1. Report, in order of residue number, the helices in chain A meeting two criteria: a C-alpha extent of 15 Å or more along the helix axis, and a mean Kyte-Doolittle hydropathy of at least -1.0; treat each whole DSSP H run as one helix.
2. Please work out the C-alpha center-to-center distance from the stretch B:144-164 to the stretch A:360-397 and express it in whole Å.
3. Among rounded, prolate and oblate, which fits the stretch A:36-152 when a ≥ b ≥ c are the square roots of the eigenvalues of its C-alpha gyration tensor, a/c under 1.5 means rounded, and a/b larger than b/c means prolate?
4. Just need log10 I(q)/I(0) for the stretch A:102-169 at q = 0.15, 0.17 Å⁻¹, Debye formula, equal scatterers on the alpha-carbon atoms, no solvent, rounded to two decimals.
5. Students often get this wrong, so check it: of A:54/A:236; A:236/A:399; A:54/B:68; A:224/B:146; A:344/B:41; A:54/A:173, which have C-alpha atoms separated by over 32 Å?
6. Could you list the residues of the stretch B:126-165 with an amide nitrogen less than 14 Å from a label point located 7 Å from the Cα of residue B:51 in the Cα-to-C-beta direction?
7. As I understand it, the dipole of the stretch A:239-328 uses +1 on the Cβ of Lys and Arg and -1 on the Cβ of Asp and Glu, about the Cα centre. Which of A:280, A:268, A:248 lies farthest toward its positive end?
8. The stretch A:185-225 to the stretch A:237-308: how many Å between their Cα centroids?
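All of the numbers you see were taken from the coordinates with simple rules; none came from a lab. Everything quoted here is computed from the prediction, not taken from an experiment. Here the Cβ positions follow ideal geometry from the backbone for every residue, glycine too, while neighbour counts run over all protein chains shown.
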Amino acid sequence: MTMVEVPGEFTVPRRSWGDDEVFDREMQQIFRHCWQYVAHESEIPEPGDYVLRKMGRDQVIVVRDESGQVRVHLNTCRHRGVPLCRADSGNASHFRCSYHGWTYANTGELRGVTYQADVYGKGGLDKKKLPLFSPAQVDSELGLIFATWDPEAPSLRDYLGDILWYLQLIFGKHPNGMEVVGTPVRNIVKANWKTEGENLSGDGYHTTITHSSAFDLGLFATQKDLVKLADDVAPKFTGRTVDAGNGHTMRIQRLPLRLQGNHYFGYPKEMWAGFDRMLSPEQQQAMSCLSVGHGSVFPNMSFIENFKTNVDGPDLHARYARITVRYPIDATTSEQLWFFLAPKGADPEWARLSRLAYLRTNGPSGLFEIDDTENFVGISEASVGDVSRTLPVIIEGGKHHPEAPPELGWPGNVVDGDKTERTIRAFHRRWSELMDLPAGDAAGTGAAR
Amino acid sequence: MTAEVVGSRADVKRARLGDAILHSEISQFLAYESELLDDRKFHEWVEIVAEDFVYQVPTPRTPDSPFKPHYDDRSLLIDESRWSMTTQWFRRFDEDIYEAAWGENPPVRFRHLVTNVRVRLTDDPDVYEVRSNIALVGTRQSDLPKYITGERTDRIERRDGELILARRWVVLDQVVIDFPQLRILL
Ligand code: FES
Ligand SMILES: [Fe+2]
């Protein structure tokens, strides 16, 4: 069979969403090298606190050691491989293996080998050489903890690059910081790990179609809601998208309100001055009158802050913040984790409304997610056919959108327009670089932005 | 709010259980309620639910001790009221909207299996705390069915002679939930 003609200069082979070989290569080329989000510092505030997470398909313990340093260890005994932690979270100064009892400090050092002299003879085993296996680098920004197996990887700050400025908009604007509220919900999605990330990278194109029912239900701000927020309302929402480099992306959509000064609708007014203090004027402008801001940190973490209307009754609006992570399981299966974050010390009544704004729309049981997930699952279902897998996808949208005015002061490559596929191209450009697939296989990943 | 309903396991032995007639009446009520859900007769379901109804599902987890609950009530999977279910959840099944409510069209077929109904009397003679075991089977399109299990704690009240569901709290057993969708009325 001849290769299907590619209808543009940029595409990705459909089999990327359902092929075992591509998947295995991703595990090596991407998940062994890229920085990956593992936890938020608020989840492990005290010495000994730990949570169980994954990097690629490997389970890791994220733990705060007795000196307060965050450590990440592969959750497997160096002896013969039994997992050390079986709980999702807890507190431990030491981890003791259930098989032969080797004991590790939460720093990862092997402290005790049971019957060592009997079993290995005097000097027969050097404990110093057998600490828990740990990622080459662990670091955090804005409370977000990342780790990478690659000692050659750039520093976290360099890896994040321009996306850090956008992460600050969501995670860096609360004077008292933010915290993850409770245990994350986890679920299995019968979709390739990339599909949801592509969407959250900045797909402003799907919203009015996939989420059409949400408009009918009043969960999106309509003219009816907007006229109550400002005297002067423009007819159309506007949005920008950002290629922040390294496969990281962002989309920011603004409520169409013509107002002087900053208006952080969806937060109690008492919180607004704090945001002005924490954010630069350019960042304030990005977050004032925000409808939605969402993006992805390559490869598998996404974040969103979103203004939702009428969530618990008429005129009860709120913003919420969320992180999602997708762990690859196989080519058509992933595990998704859902983290709801709240500003520390926020007014409890508002915090409740924010939680409802999240749960009822973009939480794991939220109606937006139910509709989105059908699309993501469908992409994998329809990409494993012997013919369908050979077709290219079309991701040419938004190429003609103009660059944003430079005086805006947003970092990265910023474009006016969010009904676009440019963030998806940015993701796949980075994906293709790292995958380094044989020529002809990575069907035409041209350089067009 | 949650503690008062979930209570501690210590009260199991000395709970005052309802008599056979009351047990039968409440079991029938729960079976009827399940029928309405399985048949997607949501407007009728709303009729047997209290005005101030709250439905919550905490996040399941594997704790680090068998003496801790296997859920975390600081974070929730579901938190709904009668208002939100009527205006946001069930509304998506109405004729004028369902075609674009993609996740419900075609709808996942749900089957509620409710067993081990325990009716506990409270200090108020018209308020019962009813625990039951639930298995929900969900079948999406041509996929094989999947199931999820848990324990319900319901507050059922008698108002003007009729039983109504005033509160539902469901603790799930599965931590990494593998089910056709998570918008589930257990
Ligand atoms: S496998 Fe852990 S001590 Fe033997
Ligand atoms: Fe969506």
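1. Passing helices, by number: A:367-381, A:422-435.
2. Using only Cα atoms, the two centres lie 34 Å from each other.
3. On the way: a/c = 2.09, a/b = 1.81, b/c = 1.15.
Here the stretch A:36-152 falls in the prolate category.
4. -0.64, -0.72
5. Details: A:54/A:236 41 Å; A:236/A:399 21 Å; A:54/B:68 24 Å; A:224/B:146 42 Å; A:344/B:41 42 Å; A:54/A:173 28 Å.
Correct reply: A:54/A:236; A:224/B:146; A:344/B:41.
6. Answer for this model: B:159-160.
7. Value computed over the given set: A:248.
8. 17 Å
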